[in-house]
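The block underneath contains the structure these notes are about, expressed in structure tokens.
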């Protein structure tokens, strides 16, 4: 199934929905209209049973370069008003999001990338936090998520200088999981998304939730969250034949991946 909007393209296949920002002529700058369409898409996908995992990317040379500075500076009038908070719409999706970072991910675009569960980067990807250069304080969580991913000293270097970070350094710093050739980006991201879809949904969602809750807590709080979730999940009835079937699948995958 595929749905085309003016600024956002979506395609769903096998439980995986690809969400693509589609303003390549503006490097996918987050105009009010694009933000509204993205918020609508993520809100709809939260209710869609056909979508289990989202792959989030952009067309052209950029993932997104962040807020539309022409609109922000009043040089160009926004053709619509902001109707819904895009950041909240992404967080409320409650499904895994894989960021397929195809090019520039700058400032607000960097923040959207950081809201993904993990990122796969094209070798053409570049990251930058220019909030301090444009005079805007982060509002979608960059100041808290970035230090947790790459360490506070590296995060300060990026945010206080506004310098660019290339894909290979982003990988070395632990920001992205993999760097792949541009032509392999979407196939890699979609394969990982399919791997996620192949797991047991209730357990998968529980693991993701306790990881996220623990990540935002202290270690002691995180261990307590995990312990409680472990006990709660142990009470969930899982049919023995289902467990046996999944064990066989895991063993088969192990043999295939080790060949």
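For segment 140-177: of the residues being outside any helix (DSSP H, G or I) and in contact with a helix residue (DSSP H, G or I) (Cβ under 7 Å, 6 or more places away or on another chain), which is surrounded by the fewest Cβ atoms within 10 Å (Cβ to Cβ)?
In this case the residue turns out to be 174.
When you go through 81, 137 one by one, which is the residue that is without any contact (Cβ under 8 Å) to a residue 12 or more places away in the chain and assigned to a loop (DSSP other than H, G, I, E, B)?
137
I'd like to check something: does segment 109-131 contain any residue that is outside the structural domain of residue 206 (by TED's automatic domain parsing), surrounded by fewer than 17 Cβ atoms within 10 Å (Cβ to Cβ) and not in a loop (DSSP other than H, G, I, E, B)?
Yes; the residues of segment 109-131 include at least one that is outside the structural domain of residue 206 (by TED's automatic domain parsing), surrounded by fewer than 17 Cβ atoms within 10 Å (Cβ to Cβ) and not in a loop (DSSP other than H, G, I, E, B).
Report yes if residue 87 is at pLDDT below 95, on the phi > 0 side of the Ramachandran plot and not in a strand (DSSP E or B), otherwise no.
No, not satisfied.
Would you check if residue 105 is assigned to a loop (DSSP other than H, G, I, E, B) and either assigned by TED's automatic domain parsing to the domain that holds residue 184 or at pLDDT below 95 (or both)?
The answer is no for residue 105.
At least 1 residues that are surrounded by 19 or more Cβ atoms within 10 Å (Cβ to Cβ) and either in the same structural domain as residue 110 (by TED's automatic domain parsing) or over 15 Å from the mean Cα position of the chain (by Cα) (or both) in each: list the strands (runs of 3 or more DSSP E) lying fully within segment 1-73 that qualify.
8-13, 16-21, 53-58, 62-64
Which one of these does residue 170 not meet: (1) within 19 Å of the chain's Cα centre (by Cα); (2) more than 15 Å from residue 104 (Cβ to Cβ)?
(2)
Where residues in segment 173-188 are free of Cβ contacts under 8 Å to residues at least 12 places away in the same chain and under 19 Å from the mean Cα position of the chain (by Cα), which of them is farthest from residue 56 (Cα to Cα)?
This residue is 184.
The values are calculated or read from the model by the stated rules, or taken from the named source; none is laboratory data. From a predicted model like this one, the values you see are computed outputs, not experimental measurements. Virtual Cβ from ideal backbone geometry, glycine too; neighbours counted across all protein chains shown.
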